[in-house]
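Undergrad: Questions regarding the structure given below will be posed in turn.
The values are calculated or read from the model by the stated rules, or taken from the named source; none is laboratory data. What you are looking at is a predicted structure, and each value in this text was computed from that prediction instead of being measured. Please note: Cβ atoms are built from the backbone with ideal geometry, for glycine as well, and neighbour counts cover all protein chains shown.
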Amino acid sequence: MGAASGTKTSRYENFTRMPGALTVFALEVVFSQPASELFAGKYEAVRLAVQARAKRMVDQLNARPNASGKKSFRKLALLRSIVEPKSSSAPTYRS
């Protein structure tokens, strides 16, 4: 992973340190698994936080009296797709 010692790797394995984006991509390659599976707990926490924020934004947009424009409609559609995903929210990878 490019570290001078095994200390960083050990911290990743023990969940005491979260790797940066480039290291996460490297780990995907090494283990042939998506980051959403390698770091399932973190992924789930982020997914839930994003969905909660999207839900608040939907509520705010719906409360606006002038939320009937094309731009607002597109925003609402995107936000609703985040709040109410139709299929698995985790990305799929081909091996």
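Undergrad: Looking at R80 and the list (1) exposed (fewer than 13 other Cβ atoms within 10 Å of the Cβ); (2) at pLDDT 75 or above; (3) farther than 26 Å from M18 by Cβ, which single condition is not satisfied?
TA: (1)
Undergrad: Among the listed residues V29, V58, V50, which satisfies the condition of being assigned to a helix (DSSP H, G or I) and surrounded by 14 or more Cβ atoms within 10 Å (Cβ to Cβ)?
TA: V58
Undergrad: Suppose we filter region 1-24 for residues that are exposed (fewer than 13 other Cβ atoms within 10 Å of the Cβ) and either modelled with pLDDT of 95 or more or under 27 Å from V83 (Cβ atoms) (or both); how many remain?
TA: The qualifying residues number 2.
Undergrad: Output the residues belonging to region 36-57 that are in contact with a helix residue (DSSP H, G or I) (Cβ under 8 Å, 6 or more places away or on another chain) and under 17 Å from R17 (Cβ atoms).
TA: Hits for region 36-57 are L38, F39, Y43.
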